[in-house]
Amino acid sequence: MANTEDILYEARALGIYDEVMKESRKLAKKHPHMEVADRMDKAIIKIKNKTSYDMKGPNENYGV
């Protein structure tokens, strides 16, 4: 499990901050007692698996 701050820095660097926050809010509704760091960790993993990266940043045209 990573630190919440580290996860958000990584999301910002990858250009997926908004998607991670949106996914985290969805998880919060499904699992209201889950800790914030756990939610953020699950959200960034899910978004990173859904999005492929090239030299210009996130590219959802060809997923993994």
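The values are calculated or read from the model by the stated rules, or taken from the named source; none is laboratory data. For clarity, every value in this text was computed on a predicted model and none was experimentally measured. We place every Cβ from the backbone using ideal geometry, glycine too, and count neighbours over all the protein chains shown.
Listing for the model above:
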| quantity | calculated |
| --- | --- |
| Test: residue in segment 39-61 that is assigned to a loop (DSSP other than H, G, I, E, B), modelled with pLDDT of 90 or more and surrounded by 12 or more Cβ atoms within 10 Å (Cβ to Cβ) | no |
| Lys22 vs. criteria assigned to a helix (DSSP H, G or I), of a type outside the set (A, V, I, L, M, F, W, C) and at pLDDT 95 or above | yes |
| Selection within segment 2-13 - over 10 Å from Ile44 (Cα atoms) and touching a residue at least 24 places away in the same chain (Cβ under 8 Å) | Ala2, Asn3, Thr4 |
